[in-house]
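Trainee: One structure is given below, represented as structure tokens, and several questions about it will come after.
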Amino acid sequence: MPYQTPIYTALKKYMKENNLRLHVPGHIGGKGMPAPELEALACMDITEIPGLDDLHLAQGIIEEAQQLLARACGARESLFLLNGATSGVHALFMSIGDGERVMIPRNAHRSFYGGMVLSGAMPVYIPCEIEPELGIALAVKAADVEDLLHLNNNVGAVFVASPSYYGTCSDIAGIATVVRRWGKMLFVDEAHGAHFPFHPMYPNCALKDGANAVVNGLHKTWPVLTQGACLHLGEDFNNHARLMVAYSLITTTSPSYPIMASIDLARDFMEKEGTSYLERSLELSREFKSRMDKIQGIRCYGDELMQISGVKALDPLKVLIGVQGLSLNGYQVARVLREEHHIQVEMEDQNLILAMFSFLHKREDWERFYLTLNELALRYPSQGVDRSPGYQLPLPRIILSPRQAFFAASKRVKLAECRGRVAGEMVAAYPPGIPCLAPGELITEEVWDYLNYLKMSEARIQGPEVPNLEYINVIEE
């Protein structure tokens with residue numbers, strides 16, 4: 001079967017017709033855009049007119065494009081998501097049932113908490129395996145899922161995130177075996193792993209390993225416009241009718257045709273050329289990670305992460321750099337990279353920087369990053385400062401469900417006065433957007449210490465009404 005790009009082809013056809021556009025959007029094909037850079041994109045920004053199908057009733061080019069995506073990724077069915085992977089996470093939570101208990105890892109993205117507010121779900125937390133030097137959560141173990149199912153056999157689903165933000169993959173096959181034995185559904189937030197199906201030396205994709213439903217943030221690793229994502233359903237996903245209602249509820253009625261066309265084109269590219277590009281990137285990753293790890297004061301984490309219990313595989317395109325051996329912390333290293341060398345990394349914290357390489361990056365891009373790190377290490381050698389590892393918070397004490405806390409009356413109190421209170425809002429350092437405090441959780445002494453640490457650090461905080469953490473919203477007593 002020849003590769004096809006039904007959405008892109010139909011849009012090109014409509015543009016060539018040079019129609020008088022008496023329909024939305026109001027920029028009439030880009031003619032009203034204030035900048036020429038936007039005009040080129042806007043000419044393809046059309047709406048649901050005859051021949052261009054309807055995302056909410058896909059029977060033409062969108063249906064065909066989604067079927068092609070499912071075939072390429074090994075799914076029974078695939079749905080376009082145009083508000084990022086977040087909307088897929090929300091739809092899956094809403095498919096489970098009102099007020100169900102859902103097993104999730106504590107290092108889940110903040111979208112999980114939005115899903116629980118929408119669905120009324122109550123979290124049952126799976127402990128995460130921690131890298132001791134950096135204090136970051138890397139994976140969950142199948143054995144821990146099994147133990148929790150013995151204690152919570154009434155959960156509606158198990159919903160894990162793999163790969164982690166740092167590129168470490170949990171043993172999804174092992175977790176799927178456990179979950180299937182208990183007769184439950186396994187959902188996987190695989191936002192950062194959309195490229196996995198296209199090369200045998202990359203980690204297995206979650207669908208292949210037995211997940212019932214998988215969310216991919218296509219824009220994170222494919223050449224897709226931001227917000228482009230998808231939801232894949234496996235052969236034995238059994239909540240289809242409710243899921244489709246939830247999908248329609250959380251999906252815009254004004255879908256972006258440029259985003260859908262970019263998914264269409266990227267899927268065609270991945271089928272034609274993805275394997276060769278991923279092969280080249282794998283070779284570059286192996287070479288340059290080894291070279292980076294030899295820089296004095298720098299540690300480039302690699303296969304040693306596989307020694308951490310629960311870590312099954314690594315994404316070679318994530319480059320995790322420990323900077324404890326330098327006189328600068330991670331925030332400062334990232335600032336020097338951007339301001340002096342025009343290199344922007346994905347994220348940073350006190351002890352690390354994380355670079356996300358694309359399979360579209362070339363050798364000179366890897367070389368430039370390596371040479372710059374080497375120069376930084378020479379300029380800023382260690383001054384013997386003992387930098388503590390990142391915080392390892394215990395599992396939270398849940399007082400109210402996220403939905404109950406969302407609708408409960410709350411008030412603003414000073415951070416110094418919030419110990420022992422129940423949180424009325426989320427606090428998450430972004431990126432990666434993993435909450436350290438969620439609505440309905442008790443602010444214990446350990447949590448308060450970490451909030452104070454964030455307040456004193458250079459972290460960007462999402463969630464609280466007062467982002468500098470001078471105040472926290474708590475549930476009224």
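No value in this document is a laboratory result; all are computed from the given coordinates. Model, not experiment: these values are computed from the prediction. A quick note on method: Cβ atoms are made from the backbone with ideal geometry, for glycine too, and the neighbour counts reach across all protein chains shown.
Trainee: Looking at this model, which pairs from Lys31/Lys272; Lys318/Lys455; Lys141/Lys184; Lys184/Lys312; Lys294/Lys362; Lys141/Lys318 are more than 26 angstrom apart at the alpha-carbon?
Mentor: Violating the 26 Å Cα-Cα cut-off are Lys31/Lys272; Lys318/Lys455.
Trainee: Considering only the chain, what is the antiparallel percent among its DSSP beta bridges, to the nearest 5?
Mentor: Close to 75 percent.
Trainee: Restricting to bridges with both residues inside the range 6-268, how much of the DSSP beta-bridge set is antiparallel, in percent to the nearest 5?
Mentor: Within the range 6-268, antiparallel bridges account for around 45 percent of the total.
Trainee: Here's another thing I want to ask about it. About the Cα centre of the chain, how large is the charge dipole given +1 on each Lys and Arg Cβ and -1 on each Asp and Glu Cβ? Please answer in debye to the nearest 20.
Mentor: The calculation lands at about 180 debye.
Trainee: In percent, how large is the relative contact order of the range 402-475, given Cα pairs closer than 8 Å and 6 or more residues apart?
Mentor: 43
Trainee: Next up: I need the peptides 137-143, 289-295 ranked by packing, meaning the mean over residues of other C-beta atoms within 10 angstrom, with the highest value on top.
Mentor: Sorting 137-143, 289-295 by mean packing, highest first, produces 137-143, 289-295.
Trainee: Okay, next question. Which order do peptides 79-89, 44-54, 62-72 fall in by mean Cβ count within 10 Å, highest first?
Mentor: The peptides rank, most packed first, as 79-89, 62-72, 44-54.
Trainee: With only alpha-carbon atoms counted, please give the Rg and Dmax of the range 279-379, in Å.
Mentor: My reading of the Cα-based Rg and Dmax gives 13.0, 39 Å.
Trainee: Please tell me the relative contact order of the chain in percent, rounded to the nearest whole number, where contacts are Cα pairs under 8 Å and at least six residues apart.
Mentor: It comes to 15 percent, rounded to a whole number.
Trainee: Per DSSP helix of 4 or more residues, -39500 (n - 2.57); summed, then divided by the residues of the chain. What does that give at 222 nm, rounded to the nearest 500?
Mentor: Computed mean residue ellipticity for the chain: -10500 deg cm²/dmol.
Trainee: Using Cα centres only, tell me the gap between the range 241-280 and the range 1-72 in whole Å.
Mentor: Here the two parts' Cα centres lie 14 Å apart.
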